Amino acid sequence: MTAFLGFLYSIITALFFGFLNKEKEFRCFFAIPLGFGFCSILYFLFLLTGISNITIYKIFEFLLVIAAAFVIFTNKNFHNFCIELPKKISLPLASANLLALMIFLKFYINSPLGNWDGFRMWNTKAEFMFRDITLWKNMFLQPHFLSHNDYPLFTPASVARIWQYAGSDNSVFNAFFYLILTFGIIYFVYFTIKHFKNKKLAMLTTLILMLTPAFLVKGAAQCADIPLAYFILASTVSLFLYFEKEKNSFLVLSTIFAGFCGWVKNEGLMFFAIFLAVTGTYFFLKKYYKKIGIMLVSAMPFVILICIFKSVCKTPNDLVQGFFVLKSYTHLFQAHYYIMIIKTFAHMFVERFSVVFVSLALMLKGFFIPEKIKTPLILSGIIFILTCSGYFMTYVLSPHDLDWLLTYSLDRIILHVLPLFLFLYALCLKIGQEDTEN
Amino acid sequence: MKISDNFVCGLVFLLLFGFSFQYLSLLVKVPFSLIFVPYRQVNMFESKSAVLKKNSDFFKGQKYVGYISDVEPDKVFLQSDSIFNFFSAQYAIVPSVLVNDIDEKYTIGIFYKKDFNKKNLKLVKKLDERTYIFEEAK
């Protein structure tokens, strides 16, 4: 019972920090990644201090919660301290939600500690950050090629922090953390599409994502891929909100979420770089130099954080090492690498993501892009294409056995951008518009 | 011909129902398993690491713990079963780090064959039919 209360407290604390953002409609769904992200950084920095008494961390976080509460309740912009949840959930959405929950739980029952990657790479690191906080750096002594010691610590730190409050490393707690993220992203897709387009399209797109078993299974697999997908989507949605409301706070939020991507996985670092490059170039061409400054200032803490982490882990990146030491750049001129990636992608998409083909039916009504979302849609489209191209080139340049790498990672890579793809795709559709036949 | 929104919605529902039909039985199976099946105890990761986790105090203060198995040391990370055994043991003995050699004070042995070769190690404790703790022979 005490463990459960501690676990609940850890969740509530994390969400409370996330509630510091202002947008009422999305507050809850921004709060999930923002709060957990912020708390994971706090926990990591605390471990870096070398203090062996975890109670000090808990007191520190409690004091921060008090400070956050003070900011929220004394700021006139936060007077409406509430969230908007659907008053009435439609029957198809409720039924699909129940079925999706069962698919998630089925995989959890099969693998309570996560799948192979979740167990080996992420939960083992979480154990290091939980069991003896003075010896947590021992995790970097594990065999690198199987543990990926250079991967940032959002998920291990979040899980270990939750375990600290719960006082136990019971797998129920980490599974619940991933459950929140998995279903958080689903409903985030719903609310964003409802906001930018309409309820009907939001429901249809959400149903497709909700009933994609590969998405739910990877959520229950307890890997960093679903959290990364959440941060990528949150960054993009914030960018749309910035263009809609023309408030710099959303540009800051968008950059922060992109920065968090770099704190989740190395692939997220690529997204972070692409995000900064694309939006930075746009503002430069428009001569909005102040906006570039805002973005750089917002990105700086994450750059510093990632530099600190990389200097602590002292582990070379296998891709970079492969490029220079194993001369993997020679792969660039070998056509069979490209063919194998395309063939495996096509095969895997048909085999594991066949539900996504249902989204083709949404095209029957044609396309309609409102003028107000054109700019962010183009920017996000460029970011999406560059991210996918980056993933493609990562495979081409990887020093590992390509067949093995594709088999065990391509589906996860697809998931990083699947919610973003469905979001951008839905924004282009015509269904549910007032001028269409209903 | 104009297509109505309701037609598209109906089509999407129908297709999604077709795709999800195979999962409907989970509505009964999953709650049953959660309530009546000791799923955590039978899970391969949990069961494998649980036996070592109970004895993790044994390795307290040891930065490194050795590892030995039926698999040749240079092939430990080439076979999926072997990798699984190695990491299950690693998970259990955190914050000690498992290394693929027998030069440490303690060595964990995971053997599937009964006539295993423990080399020059001294058996300290047998944890179950397959899992052993050895000590470096003086």
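Rule-based calculations on the coordinates, nothing more; no lab input. Only a predicted model underlies this, so the values are computations on that prediction, with no experimental measurement involved. Here Cβ is always computed from backbone atoms with ideal geometry, including for glycine, and neighbour counts include all displayed protein chains.
Computed per residue of chain B from DSSP H runs no shorter than four, each worth -39500 (n - 2.57), the mean residue ellipticity at 222 nm is -12500 deg cm²/dmol. If you line up the long axis of helix B:80-93 against the longest principal axis of chain B, both from Cα atoms, how many degrees apart are they, to the nearest 10? Roughly 70 degrees, rounded to the nearest 10.
Distance from the Cα centre of region A:254-327 to that of region A:1-64, in angstrom? Cα centres, region A:254-327 to region A:1-64: 24 Å. Is the shape of chain A best called rounded, prolate or oblate, per the rule: a/c under 1.5 gives rounded, else a/b larger than b/c gives prolate, else oblate, with a ≥ b ≥ c the square roots of the Cα gyration tensor eigenvalues? Judged from the Cα gyration tensor, chain A comes out rounded (a/c under 1.5). With a ≥ b ≥ c the root eigenvalues of the C-alpha gyration tensor of region A:268-340, is it rounded (a/c under 1.5), prolate (a/b larger than b/c) or oblate? Since a/c reaches 1.5 but b/c is at least a/b, the shape of region A:268-340 is classed as oblate. Shielding value for B:85-95 is 6, the average number of Cβ atoms from other chains within 10 Å of each residue's Cβ. Considering only Cα-Cα distances, which of the following residue pairs are longer than 30 Å: A:125/A:197; A:194/A:291; A:197/A:291; A:247/A:365? Among A:125/A:197; A:194/A:291; A:197/A:291; A:247/A:365, the Cα-Cα distance tops 30 Å for A:125/A:197; A:247/A:365. Summed over qualifying helices (DSSP H, 4 residues or more, each -39500 (n - 2.57)) and divided by its residue number, chain A shows a 222 nm mean residue ellipticity of -24000 deg cm²/dmol.
Straight-line reach from residue B:119: taking Cα to Cα under 19 Å and skipping same-chain neighbours fewer than 8 places apart, the lysines in range are B:75, B:105, B:138. By DSSP, the beta bridges lying fully in the protein assembly as shown are antiparallel in about 60 percent of cases.
Of all aspartates and glutamates in the structure, those lying under 13 Å Cα to Cα from residue A:245, and not within fewer than 8 positions of it along the same chain, are A:23. Counting Cβ atoms of other protein chains within 10 Å of each Cβ in A:102-114 and taking the mean gives 5.
Using the average count of surrounding beta-carbon atoms within 10 Å as a protection proxy, the listed peptides A:283-294, A:42-53 rank, highest first, as A:42-53, A:283-294.
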